Structure formats: C-alpha cells, structure tokens
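Worksheet: the structure to be examined is printed underneath.
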Amino acid sequence: MLVNNAASFYAGFFEELTPEQMDRQITTTLIGAMNVTRAVLPVMRKQRSGHVVTISSSAGFAGFEYGSAYAASKFAVDGWMESIAPEIAPFGIHATVVNPGFFRTELLTKESTNYAPTTIADYAERNAAQHEFWDGMNGKQEGDPVKLAQALVTITEMEQPPPRFIAGSDAIAQAEEKLAERQQQIDALRDLSSSLAFTDASAGAGGTA
C-alpha cells in the first residue's frame with residue numbers, strides 16, 4: 001500500500017501569488033505524489049495487488065477565495081487519481097482519493113503556511129482579514145487526525161475499497177453543497193448546452209429524387 005500525504009499551503013490572492021509559489025504548491029501536492037506513485041506501481045503491477053491512497057482535500061472539489069494555488073493543486077490530484085484508477089484496476093491495484101475537511105494537522109502552522117507577498121493595495125484590507133482567519137484556524141480545526149488515520153486503515157482493509165472517501169462532516173456538507181450547485185448550473189442552461197451539436201442539413205429534408 002502507498003499513501004501519498006505530502007502537503008503545503010501557499011495562500012494568497014492569485015494576482016499576488018508568485019510563479020515560484022505556484023510551482024512549489026503544485027510540485028509538492030501533485031508532482032511529488034506522481035513521482036512516488038510512478039516508482040511504486042511497477043512493484044504493485046508485478047505482484048498483481050496494491051492500493052494507492054492519495055490525500056487530497058475538500059479543496060479538490062470546492063475552490064475558495066485565497067486558495068487558488070492550493071485548490072488548483074488539489075483539483076489536479078483528484079483528476080489524476082480518477083484517471084489512473086481504471087488504468088491500474090486490471091492489475092488488481094486499487095486507487096482511493098481522500099478529501100478531508102479541516103483536520104488538526106500541521107498544515108496551518110507557520111512552517112507549512114506560506115502567504116503571498118502583499119503587493120497590491122486593492123487587496124490590502126482583505127489580505128489582513130485572510131491572515132487573521134487562517135492564523136486563527138491553526139490548532140482549532142474540528143477534525144481529529146488520529147480518527148482519520150483509523151478510518152483510512154478501515155478503508156484499506158476492505159475487499160473493495162472506495163475510489164473516494166470524503167472525510168469529516170464539514171467536507172460532506174461542502175460536497176453536498178457543491179453537488180447542488182453543479183446541478184443548478186446544469187439545469188440553468190440545459191437547453192442551450194444541448195443545442196450545440198452539428199446539424200445535419202439533409203436530415204428531414206423529405207422529397208424524392
């Protein structure tokens with residue numbers, strides 16, 4: 001079994017995040033997990049068994065203000081994991097992506113949270129509020145990481161592990177909210193969306209030669 005769990009948090013408004021910060025976020029969250037998985041898969045494929053578990057986030061299905069770098073990397077993790085699952089399933093290898101909400105880990109500590117430089121005056125007031133919010137969240141997250149670890153053990157012991165595990169009541173609430181939002185977006189322009197196919201000029205022309 002492989003568990004990909006490397007993480008960092010580059011927080012900031014997109015305009016102020018530097019290209020280097022974006023690169024570091026994506027490298028840590030996505031590319032690192034890809035590299036480790038690429039190294040392990042040949043062993044799992046040879047033994048015709050294995051389980052790749054990758055820790056994503058509720059940010060993997062719900063973007064949020066001040067989290068463009070983090071959410072972009074986690075959305076990518078979710079898409080990558082969904083894509084490799086059917087590729088490796090024929091070899092008896094399972095893939096599970098985990099989407100936790102707020103858990104009391106070290107992600108929001110000063111060592112793991114990196115803010116964008118505050119360089120644009122238009123964002124200054126909101127920057128101060130965001131710093132206060134995220135600094136205040138550290139150590140107060142409701143999720144217990146020990147219980148999450150125990151839940152992951154339960155999942156990995158299943159004969160058919162789930163392709164996705166949404167962890168925490170806050171993550172479930174956010175997922176349900178996003179599902180409802182997506183359905184509204186589909187329904188709002190369903191007719192327009194359904195009208196975009198090529199029209200066959202000869203269809204229904206009728207008449208005889």
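The values are calculated or read from the model by the stated rules, or taken from the named source; none is laboratory data. Keep in mind it's a predicted model, so treat the numbers as computed, not measured. In this analysis, Cβ positions are derived from the backbone assuming ideal geometry, glycine residues included, and neighbour counts consider all displayed protein chains. Only protein heavy atoms, including side chains, enter the accessible area calculation; ligands, DNA and RNA are left aside. Shrake-Rupley method; radii C 1.70, N 1.55, O 1.52, S 1.80 Å.
Okay, here's what the table says:
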| item | result |
| --- | --- |
| Search result, residues across segment 170-209 that are open to solvent by 100 Å² or more (accessible area, probe 1.4 Å) and either modelled with pLDDT under 95 or in a loop (DSSP other than H, G, I, E, B) (or both) | Leu189, Leu196, Phe198, Thr199, Thr208, Ala209 |
| Count - residues of segment 140-165 that are under 12 Å from Thr96 (Cβ atoms) and open to solvent by less than 50 Å² (accessible area, probe 1.4 Å) | 6 |
| Strands (runs of 3 or more DSSP E) wholly inside segment 1-87 that include at least 1 residues being farther than 18 Å from Phe102 by Cα and touching a helix residue (DSSP H, G or I) at 6+ places or on another chain (Cβ under 6 Å) | 2-4, 50-55 |
| Checklist (1) modelled with pLDDT under 90; (2) open to solvent by 70 Å² or more (accessible area, probe 1.4 Å); (3) outside any helix (DSSP H, G or I) applied to Asn114, failing item | (2) |
| Where Thr96 falls short, out of the listed (1) polar (S, T, N, Q); (2) open to solvent by 60 Å² or more (accessible area, probe 1.4 Å); (3) not in a helix (DSSP H, G or I) | (2) |
| Residues of segment 13-28 satisfying the condition of being crowded, with 16+ Cβ neighbours inside 10 Å and over 18 Å from Glu65 (Cβ atoms) | Arg24, Ile26, Thr28 |
| Some residue of segment 49-63 being open to solvent by 20 Å² or more (accessible area, probe 1.4 Å), closer than 19 Å to Phe133 by Cβ and free of Cβ contacts under 8 Å to residues at least 24 places away in the same chain | yes |
